[in-house]
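To start, the structure itself, in structure tokens.
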Amino acid sequence: MADAHSGRGARAARPLSPHLQIYTMTVSMASSIIHRITGAALYFGSALLAWWLISAAISPAYFDYVASWFQTWPGKFVMLGYTWALLHHMMGGLRHFTWDLGYGYELATIDKLCWASAAISLTATALVWYYVATNYGSV
């Protein structure tokens, strides 16, 4: 008779499922995670933007009240983060659009695109806030 090892506690000899302890973090993995986080942050930031726009439709007094929240240091920090999240998410979207067109699949190009999207989003955020500060007074 054949010897069967299917009793209680028997394990099949198969590979374990890969997990984060096996993989080393790459720039493309980090970029993907940050892209998802910025997408979620944009959801909440857009709710604040809607609050600001709705307050303008309600009354000038309520608009001044809402605007006063955004003129505090924490409010400015949130707006800075929202600006960066918006620009970084946009750059990530352009990177994915490039891939959808069938370009940039070489590993070196993937890394360069990830680093470029981070650098461009940081630079663009600084430029936006510099423009606002120089043309509309103190930030």
*With a 10 Å Cβ neighbour count serving as the proxy for reagent exposure, in which order, fewest first, do Arg95, Arg36 appear?*
Arg36, Arg95
*In what order do Met79, Met90, Met25 fall by count of nearby beta-carbon atoms within 10 Å, going from fewest to most?*
Met25, Met90, Met79
_Linear extension gain, Ala67 paired with Ala47, 0.36 nm per residue minus alpha-carbon span_ = 5.8 nm
*Mind giving me the nanometre distance, one decimal, between the label points for Ile54 and Met90, set 7 Å out from Cα along Cα→Cβ?*
2.5 nm
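Every number here is computed from the coordinates shown, using simple stated rules; none is lab data. Because the structure is predicted, anything quoted here is derived from the model rather than measured. So basically every Cβ, Gly included, is an ideal-geometry build from the backbone, and we count neighbours across all protein chains shown.
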